[in-house]
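Peer 1: Please read through the structure below; I'll follow up with questions.
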Amino acid sequence: MKRIAILHGPNLDRLGKRQPEIYGSATLKDLEQLIRTEAKKLGFTPTFFQSAHEGVLVDKIHALTDRGIDAFIVNFGAYSHTSIALRDALAAADKPAIEVHISDIKKREKFRHTSMTAGACRAMICGQGFPGYIEALQRLKSL
């Protein structure tokens, strides 16, 4: 079974409470259960991690890489638009990664239109809500 890590950045722990008109009413726990169910069907063993701290996320990428993780699905939240450190950590991991955004970043504020971290990923999926994570799993399966 391939081991995949699903990493979430700041404010993703607020799903269900934060801007439900954009992100919906389901929680991060709901999202993790959805991913867990689909991952099992596809033969993946998922690991979940969320932090509001950029350096902690960088450290987690390094630690997971050293432990032999096979792939990443990432939603770094606002850090996607600003963090060269997270981009570099993913690039150094040299593992397949797919970036997911629940909302469509191209339809949000202009400062959200560009993802710094997407360049270290095989693909970016945005604007599909929680099903975007399922698409990410399916894409990883096809690699």
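Peer 1: Would you tally the residues in the range 16-55 being out of contact with any strand residue (DSSP E or B) (no Cβ under 9 Å at 6 or more places or on another chain) and of a type outside the set (Phe, Trp, Tyr)?
Peer 2: Residues meeting the conditions: 21.
Peer 1: All but one of (1) touching a helix residue (DSSP H, G or I) at 6+ places or on another chain (Cβ under 7 Å); (2) assigned to a helix (DSSP H, G or I) hold for ALA136, so report the exception by its number.
Peer 2: Exception for ALA136: condition (1).
Peer 1: Moving to a separate point now. If the requirement is being exposed (fewer than 15 other Cβ atoms within 10 Å of the Cβ), on the phi > 0 side of the Ramachandran plot and free of Cβ contacts under 8 Å to residues at least 40 places away in the same chain, which of these qualifies: GLY127, GLY119?
Peer 2: GLY127
Peer 1: With the requirement that a residue be touching a helix residue (DSSP H, G or I) at 6+ places or on another chain (Cβ under 7 Å) and either assigned to a strand (DSSP E or B) or surrounded by 20 or more Cβ atoms within 10 Å (Cβ to Cβ) (or both), what does the range 59-71 give you?
Peer 2: Matches in the range 59-71: ILE61, ALA71.
Peer 1: Give me the residue from the range 78-110 that is aliphatic (A, V, I, L, M) and under 17 Å from ILE22 (Cα atoms) and, out of that set, modelled with the highest pLDDT.
Peer 2: Among residues in the range 78-110 that are aliphatic (A, V, I, L, M) and under 17 Å from ILE22 (Cα atoms), the one modelled with the highest pLDDT is VAL100.
Peer 1: Looking at the range 1-27 only, could you name the residues that are among the hydrophobic types (A, V, I, L, M, F, W, C), in a helix (DSSP H, G or I) and surrounded by fewer than 17 Cβ atoms within 10 Å (Cβ to Cβ)?
Peer 2: The answer is ILE22, and nothing else.
Peer 1: Can you name every residue in the range 102-127 that is in a helix (DSSP H, G or I) and among the acidic types (Asp, Glu)?
Peer 2: Within the range 102-127, none qualify.
Residue-wise test of (1) touching a residue at least 24 places away in the same chain (Cβ under 8 Å); (2) closer than 18 Å to SER115 by Cα; (3) of a type in the set (S, T, N, Q).
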{"position": "LYS2", "(1), (2), (3)": "yes, no, no"}
{"position": "LYS41", "(1), (2), (3)": "no, no, no"}
{"position": "PHE44", "(1), (2), (3)": "yes, no, no"}
{"position": "VAL58", "(1), (2), (3)": "yes, yes, no"}
{"position": "VAL74", "(1), (2), (3)": "yes, yes, no"}
{"position": "ALA89", "(1), (2), (3)": "yes, yes, no"}
{"position": "PRO96", "(1), (2), (3)": "yes, yes, no"}
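The values are calculated or read from the model by the stated rules, or taken from the named source; none is laboratory data. It should be emphasised that the depicted structure is a prediction, and the values quoted were computed from it without experimental measurement. All Cβ positions, even for glycine, are placed from backbone atoms using ideal geometry, and neighbour counts span all protein chains on display.
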